[in-house]
1. So for the range 49-56 (the condition being in contact (Cβ under 8 Å) with a residue 12 or more places away in the chain, closer than 20 Å to Lys216 by Cα and not small (Gly, Ala, Ser)), does at least one residue qualify?
2. Could you grab me the full set of residues in the range 79-89 that are under 19 Å from Gly6 (Cα atoms) and out of contact with any Pro (no Cβ under 8 Å at 6 or more places or on another chain)?
3. Has the range 56-68 got any residue that is acidic (Asp, Glu) and under 20 Å from Asp230 (Cα atoms)?
4. Restricting the search to the range 89-124, which residues are hydrophobic (A, V, I, L, M, F, W, C), in a helix (DSSP H, G or I) and farther than 24 Å from Thr179 by Cβ?
5. Taking only pairs six or more apart or across chains, which ones have beta-carbon atoms under 9 Å, a first residue in the range 219-237 that is among the charged types (D, E, K, R), and a second residue that is part of a loop (DSSP other than H, G, I, E, B)?
6. Scanning the range 115-131 for residues that are hydrophobic (A, V, I, L, M, F, W, C) and buried (at least 22 other Cβ atoms within 10 Å of the Cβ), which turns out farthest from Val233 (Cα to Cα)?
7. From the list Ser273, Ser256, which one is polar (S, T, N, Q), part of a loop (DSSP other than H, G, I, E, B) and modelled with pLDDT of 95 or more?
Amino acid sequence: MAVVTGANTGLGFETARMLAERGASVVLAVRDVEKGKRAADSMRGDVRVQALDLTSLESVRAAAADLRARYQRIDLLINNAGVMYTPKQTTRDGFETQFGTNHLGHFALTGLLLDLLLPVAGSRVVTVSSVGHRVRAEIHFDDLHWERSYGRVAAYGQSKLANLMFTYELQRRLAAHGTTAAVTAHPGLSNTELVRNSPVLIRMPLTWLAPMFTQKASMGALPTLRAAADPAVLGGQYYGPKGMGEVRGHPQLVTSSPDSYDVAVQQRLWAVSEDLTGVKFPV
């Protein structure tokens, strides 16, 4: 059974659709349940919908409780949902929206569901990062929520760097169990509605040049699907398009930024994330 967050549109939709068509039971974990139902109705296979608002820890806990009540095991947790370049705003819990949604919401959901994956041999947690983790990206421990000043590009970079660091630290903790792997992927530049909040200087060129420099969501989903389903994948690996600049193309093993491999920062981020979410992992 696979749980895919943000699966009613874009990359998440394509990821869920392809898994369902190949026989997986799939749960679309989405904020807008009606859109989720329409998405599920358009897919072939065993597809269900779960309400999940990653901007609310209360909703994350409720969704995890629902899933735990309905299912005895999870084979795949795909942390796909995300926001990009949003104006300055906060989640219901007071977190900067991009960091709160892209990282902290998924951190909490994973921690609350992990004991349903641990007994399952070959189970995986796949977290979707971005090439944006290289752009003005660092973990601002002195101002994680950008209260002093806000840059939407840098805030996005921080959240996507956090996705990678979370994966690497999670894999380190999972290694002793030998059943579940943590893997990460990025879609390159995919033509989805995620760019709707981009600054005009970014959004307009992407719109004009999309046919040349971006790829369809169905292609952008392939690195995630490879991370989720390729039997040769190992925990702690990172997959992205193989084309120039990792912008488009079929998936291959890639390397993230040097900063993402800083173990001390990974561990500090983990501790801070536990404190902010109140979620402790069983590993």
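The values are calculated or read from the model by the stated rules, or taken from the named source; none is laboratory data. This structure is a prediction, so every number in the text was calculated from the model and none was measured. Reconstructed Cβ throughout: ideal geometry from the backbone, glycine too, with neighbour counts over all protein chains shown.
1. No, the range 49-56 contains no residue that is in contact (Cβ under 8 Å) with a residue 12 or more places away in the chain, closer than 20 Å to Lys216 by Cα and not small (Gly, Ala, Ser).
2. Answer for the range 79-89, where residues must be under 19 Å from Gly6 (Cα atoms) and out of contact with any Pro (no Cβ under 8 Å at 6 or more places or on another chain): Asn79, Asn80, Ala81, Gly82, Val83, Met84, Thr86.
3. No: zero hits.
4. Phe99, Leu104 - these are the residues of the range 89-124 that are hydrophobic (A, V, I, L, M, F, W, C), in a helix (DSSP H, G or I) and farther than 24 Å from Thr179 by Cβ.
5. Close Cβ pairs satisfying both conditions: Arg226/Val233; Arg226/His250.
6. Leu117
7. From the options Ser273, Ser256, the qualifying one is Ser256.
Residue-wise test of (1) free of Cβ contacts under 8 Å to residues at least 60 places away in the same chain; (2) of a type outside the set (Val, Ile, Thr); (3) more than 18 Å from Tyr71 (Cβ to Cβ).
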{"site": "Glu96", "(1), (2), (3)": "yes, yes, yes"}
{"site": "Phe99", "(1), (2), (3)": "no, yes, yes"}
{"site": "His106", "(1), (2), (3)": "no, yes, yes"}
{"site": "Leu116", "(1), (2), (3)": "yes, yes, no"}
{"site": "Ser123", "(1), (2), (3)": "yes, yes, no"}
{"site": "Leu144", "(1), (2), (3)": "no, yes, yes"}
